[in-house]
Amino acid sequence: MSSRKKPSRIEPFRHKVETDPRFFEKAWRKLDDAIREIYNHNASGLSFEELYRTAYNLVLHKHGPKLYDKLTENMEDHLQEMRVSIEAAQGGLFLVELQRKWDDHNKALQMIRDILMYMDRVFIPTNKKTPVFDLGLNLWRDTIVRSPKIHGRLLDTLLDLIHRERTGEVINRSLMRSTTKMLMDLGSSVYQDDFERPFLEVSASFYSGESQKFIECCSCGEYLKKAQQRLDEEAERVSQYMDAKTDEKITAVVVKEMLANHMQRLILMENSGLVNMLVEDKYEDLTMMYSLFQRFPDGHSTIKSVMNSHVKETGKDMVMDPERLKDPVDFVQRLLNEKDKYDSIVTTSFSNDKSFQNALNSSFEHFINLNNRCPEFISLYVDDKLRKGMKEANEEDVETVLDKVMMLFRYLQEKDLFEKYYKQHLAKRLLSGKAASDDSERSMLVKLKTECGYQFTSKLEGMFNDLKTSHDTTQRFYAGTPDLGDAPTISVQILTTGSWPTQPCNTCNLPPEILGVSEMFRGFYLGTHNGRRLTWQTNMGTADIKAVFGNGSKHELNVSTYQMCVLMLFNSADCLSYRDIEQTTAIPSADLKRCLQSLALVKGKNVLRKEPMSRDISDDDNFFVNDKFTSKLFKVKIGTVATQKESEPEKMETRQRVEEDRKPQIEAAIVRIMKSRRVLDHNSIVTEVTKQLQPRFMPNPVVIKKRVESLIEREFLERDKTDRKLYRYLA
C-alpha cells in the first residue's frame with residue numbers, strides 16, 4: 001500500500017498581532033532628528049544602519065504614504081530656511097551663498113536617499129511617486145531657484161557677469177560653472193527656460209548693437225576679424241561654464257546678428273569689401289570671409305555672385321580695351337595672369353571649392369567670347385612661345401605654359417576659328433624653321449587632340465608628315481640629278497593642299513639662277529608622281545644669300561623669297577625705283593612694301609638705302625645698295641616687317657572661310673540627328689545641333705534654319721504635310 005503525502009501550507013497567525021499605536025510617531029521622530037542633524041552637518045554621529053532599518057519598518061508596516069508626506073514637509077522647511085539665508089546675501093556673495101546652500105542640500109539629499117533606499121525601491125515605483133533625490137531637486141527648484149526674490153536676481157546676476165566678461169572684465173568662471181551646472185542638474189527645461197533662452201535674447205541684443213557700432217567704423221577685413229574673435233570667445237565661454245548644446249545656439253545668434261544681417265553691406269563695402277580684397281589679393285581676409293559666410297544660407301552664393309560680376313566686368317574691360325588689343329601676346333599674357341590670380345584665390349582662400357571654380361570658369365568663358373579676336377590672339381601667343389620665347393626654358397616650363405593656354409582654349413566657343421589661325425601660324429613656323437622644339441609642337445597637338453578629338457588635329461599632323469616626305473624627296477632629287485653644276489642648292493617643301501593653309505597667290509618672277517633648278521625639280525617630281533600638280537608658293541619660302549658690300553664687308557643674309565628676288569636685282573643695277581622692282585618681280589604691292597621696309601628701314605638690317613628717307617614706301621622712291629652696311633655678325637637674319645594680327649580685310653576673309661567651312665558640318669549634324677529621330681520639330685533640331693557642335697563652335701540658329709531649308713531643297717528632309725513645324729527624314 002502506498003501512502004500519499006499531503007502538501008505543506010503556511011498558516012496565518014491565529015491570534016491578532018498587537019503593534020505600538022505610536023510606532024509611526026516614534027519612528028518618524030528618529031528620522032526627523034537625523035535629517036535635521038544631516039542638514040546641520042552633524043551626520044558623523046548617526047547610525048545609518050539603524051535609520052535604514054527604521055525607514056524599512058515604516059514602509060513594511062504600510063506607513064509609506066505618511067513617511068513620504070512627512071519627508072516632503074521636512075525638506076520644504078529646511079529649504080525655506082536656506083531661502084531666507086540666500087535672499088539675505090548681498091552683492092557678489094549672492095552666488096557664493098546660493099552655491100554653498102546648493103552643495104549642502106545635495107549632500108543631504110544623498111544621505112537621505114541612502115536612508116530611505118527601501119522606500120525608493122518598493123513604495124515609490126508602486127505608488128508612482130517621485131524618487132527621493134529627484135523630489136529634493138524639484139523642491140529646490142520650486143522653493144529656491146524659482147522663488148520670487150531669487151529667480152530674477154539669479155538670472156540678472158548671471159547675465160551681468162557674462163556682459164562684464166564680454167566687455168573685458170575678468171569674472172569668477174568657477175562660480176559661473178557651478179551655478180549653471182546646478183541649473184542643468186535640475187533638468188534641461190530649467191536650464192533652458194531659466195537661463196539659456198534669456199541669455200540668447202540678451203546676446204542677440206548685445207551683438208546687434210555691437211555690430212552696428214563696428215560696421216560704422218571698421219573696414220570689412222577688420223570687421224570680419226572682430227566677428228571671428230567674438231565667435232571664438234563664445235565657443236570658449238560655452239566650453240567653460242555652459243551646456244555643450246548651447247554652443248550651436250549662441251553661434252547662430254552671433255552669425256545672424258554680426259554677419260547674416262550685414263552680409264550685403266560687408267561684401268559691397270567700399271574700398272574694403274569683396275571686390276577690394278580680390279583686387280588687392282587679400283588672401284587672409286578672403287579666407288576669413290569664406291569661412292564665416294559658410295555658416296549661414298546664401299553666404300557662399302552671394303560671394304560667388306559678386307565675384308562673378310567683378311570678374312566679368314574686369315574681363316570685359318580687358319578684352320574690349322583697344323589699347324590692350326594692340327599687342328596680342330601681351331593681351332593673352334594678361335588673361336593668363338588674371339586666370340592664375342583667381343585660381344590661386346580659389347585654391348588658397350576658398351578651399352579649392354568646386355562651385356567657386358565652376359563659377360570662375362563660367363565668368364572667364366563669358367568675357368573671353370565677347371571679343372571674336374580671342375581665338376586669333378591665343379594662337380598668336382602660342383606661336384610666340386613656340387617660335388622664340390621658350391628657347392631657354394626647359395620642357396617643364398613649356399608644358400606649364402601650354403597647359404595654361406589650353407585652359408583659355410577650353411573657354412573658346414569658336415574653336416574652329418582657333419584651328420584656322422593655329423594652322424596658319426604652325427605652317428609659318430615649320431616652313432621657316434623657326435619652331436623652337438619639335439617635342440613642344442607635338443605636345444601641343446596631343447593636347448588639342450585630347451580636348452577636341454582626332455578630326456581637329458588630323459590636318460595639323462599631316463603638315464608634320466609632309467615635311468618628312470619633302471626631306472626624303474629633296475634627297476632623292478639631288479641623288480638622281482648629278483649634273484646641276486653651280487646652280488643654287490634648294491630645299492623644297494611639298495605641301496598637301498588639304499592640310500596646309502595655302503592660299504591662291506600669283507607666283508612672283510624668280511631670278512634666273514633659281515628658276516632653272518626649280519624647273520628641274522618640277523620635272524623630277526612630276527615624273528615620279530602621276531596626276532599631281534605643283535604650284536610654287538613664293539610668299540612662304542626663305543633663302544640664304546652671300547653679299548659683298550662696297551666697303552669690302554662680306555655677309556650671309558637670311559631673307560624671305562620675296563626679299564631674295566629684290567636683292568638679286570641689284571647684281572645688275574645700282575639704282576632701282578619702286579615701280580621698276582614691282583614690275584620686274586611681280587610681287588604683290590602690300591608684300592613688296594613690307595619687304596622693302598625691312599630691307600631699307602630697319603636699323604642694323606638696312607642692306608638697302610632709300611631716297612628720299614621716310615618711314616613709308618611710296619611709288620616714287622628709289623633704292624640703292626647700302627655700301628656702308630656693317631654688322632658684327634657674319635650671318636644676318638632679316639625678318640619681314642609684318643603686322644602680328646590680321647588686318648580688318650584679312651579678318652573678314654578668314655571669318656568668311658570659317659563660316660563656309662561650318663555649313664557642311666551643320667548639315668552633317670542635322671542629317672545624323674534626323675536619320676536617328678526620323679521626325680523632329682524645328683526647335684528640337686536647333687537644340688540637338690547646338691549640343692553636337694558646341695565642342696567646336698556655337699552654331700547660329702539662323703544659319704541652322706538656312707541649312708535645314710537647303711537640305712529640304714536637296715530632298716534630304718521634307719516638311720510634315722499636316723504640321724508645318726515638323727520635319728521628316730527622307731531615306
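The values are calculated or read from the model by the stated rules, or taken from the named source; none is laboratory data. Remember, predicted model here, so these are calculated numbers, not experimental data. Note that each Cβ is placed from the backbone with ideal geometry, even for glycine, and that neighbours are counted across all protein chains shown. With ligands, DNA and RNA removed, areas are computed over all heavy atoms of the protein, side chains included. Shrake-Rupley method; radii C 1.70, N 1.55, O 1.52, S 1.80 Å.
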Next item on the list: Kindly establish whether GLN563 is more than 26 Å from PRO512 (Cβ to Cβ) and open to solvent by less than 50 Å² (accessible area, probe 1.4 Å).
Entry: no
Next item on the list: Could you tell me which residue of the range 648-699 is least open to solvent (accessible area, probe 1.4 Å), considering only residues that are acidic (Asp, Glu) and assigned to a helix (DSSP H, G or I)?
Entry: GLU667
Note to self: Go through the range 629-675 and report how many residues are polar (S, T, N, Q), in contact with a Lys or Arg (Cβ under 8 Å, 6 or more places away or on another chain) and at pLDDT below 75.
What the structure shows: 2
Check: How many residues does the range 431-440 contain that are part of a helix (DSSP H, G or I) and either in contact (Cβ under 8 Å) with a residue 60 or more places away in the chain or surrounded by fewer than 19 Cβ atoms within 10 Å (Cβ to Cβ) (or both)?
Finding: 4
Next item on the list: Inspect all residues belonging to the range 327-349 and state whether any of them is part of a helix (DSSP H, G or I), open to solvent by 20 Å² or more (accessible area, probe 1.4 Å), of a type in the set (A, V, I, L, M, F, W, C) and within 16 Å of LEU274 (Cβ to Cβ).
Entry: no
Margin query: The conditions are (1) open to solvent by 30 Å² or more (accessible area, probe 1.4 Å); (2) in a helix (DSSP H, G or I); (3) within 30 Å of ARG197 (Cα to Cα), and ASP114 fails exactly one of them. Which is it?
Written below: (3)
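Each row is one residue, and each column tells you yes or no for (1) in contact with an Asp or Glu (Cβ under 7 Å, 6 or more places away or on another chain); (2) at negative phi; (3) open to solvent by less than 30 Å² (accessible area, probe 1.4 Å).
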site: MET119; (1), (2), (3): no, yes, yes
site: PHE123; (1), (2), (3): no, yes, yes
site: LYS129; (1), (2), (3): no, yes, no
site: VAL132; (1), (2), (3): yes, yes, yes
site: PRO148; (1), (2), (3): no, yes, no
site: ARG153; (1), (2), (3): no, yes, no
site: LEU158; (1), (2), (3): no, yes, yes
site: ARG164; (1), (2), (3): no, yes, no
Margin query: Suppose the filter is outside the structural domain of GLU222 (by the TED database), assigned to a helix (DSSP H, G or I), closer than 16 Å to PHE364 by Cα and open to solvent by 20 Å² or more (accessible area, probe 1.4 Å); does SER309 pass it?
Written below: yes
Item checked: Sole residue being in a helix (DSSP H, G or I) and at pLDDT below 95, chosen from PHE296, PHE367 -> PHE367
Note to self: Cβ-Cβ under 6 Å, sequence separation 6+ or interchain: first residue in the range 456-483 and of a type outside the set (Asp, Glu), partner open to solvent by 40 Å² or more (accessible area, probe 1.4 Å) and at pLDDT 85 or above. Which pairs?
What the structure shows: THR457/LYS449
Check: Just to be sure, is ASP20 surrounded by fewer than 20 Cβ atoms within 10 Å (Cβ to Cβ) and part of a helix (DSSP H, G or I)?
Finding: no
Next item on the list: Have a look at GLN264, GLN229 and point out the one that is open to solvent by 20 Å² or more (accessible area, probe 1.4 Å), more than 18 Å from the chain's Cα centre (by Cα) and free of Cβ contacts under 8 Å to residues at least 12 places away in the same chain.
Entry: GLN229
Note to self: Name the single residue that is surrounded by the most Cβ atoms within 10 Å (Cβ to Cβ) among those in the range 38-69 being in a helix (DSSP H, G or I) and charged (D, E, K, R).
What the structure shows: ARG53
Notebook entry, point to check: Do you know which residues across the range 275-301 are open to solvent by less than 20 Å² (accessible area, probe 1.4 Å) and either more than 20 Å from ALA227 (Cα to Cα) or of a type in the set (Ser, Thr, Tyr) (or both)?
Noted result: LEU278
Notebook entry, point to check: Any idea how many residues of the range 595-607 are surrounded by fewer than 20 Cβ atoms within 10 Å (Cβ to Cβ) and under 11 Å from GLN563 (Cα atoms)?
Noted result: 1
Check: Among (1) among the polar types (S, T, N, Q); (2) open to solvent by 40 Å² or more (accessible area, probe 1.4 Å); (3) part of a helix (DSSP H, G or I), which single condition is ASN352 missing?
Finding: (3)
Next item on the list: Test ILE250 against the stated conditions and say whether it is among the aliphatic types (A, V, I, L, M), at pLDDT 95 or above and either open to solvent by less than 30 Å² (accessible area, probe 1.4 Å) or touching a helix residue (DSSP H, G or I) at 6+ places or on another chain (Cβ under 6 Å) (or both).
Entry: yes
Check: Is at least one residue of the range 274-283 at negative phi, in contact (Cβ under 8 Å) with a residue 60 or more places away in the chain and over 17 Å from the mean Cα position of the chain (by Cα)?
Finding: no
Notebook entry, point to check: Given TRP536, TRP500, which one is aromatic (Phe, Trp, Tyr) and open to solvent by 50 Å² or more (accessible area, probe 1.4 Å)?
Noted result: TRP536
Next item on the list: For ARG173, indicate whether it is of a type in the set (D, E, K, R), open to solvent by 70 Å² or more (accessible area, probe 1.4 Å) and modelled with pLDDT under 95.
Entry: no
Item checked: the range 452-485, subset open to solvent by less than 60 Å² (accessible area, probe 1.4 Å) and of a type in the set (A, V, I, L, M, F, W, C), residue nearest to the chain's Cα centre (by Cα) -> CYS452
Margin query: Where the second residue is open to solvent by 60 Å² or more (accessible area, probe 1.4 Å) and the first is more than 15 Å from ARG230 (Cα to Cα) and lies in the range 241-254, which pairs have Cβ atoms under 6 Å and are six or more apart or on separate chains?
Written below: TYR241/ARG177; ASP243/MET184
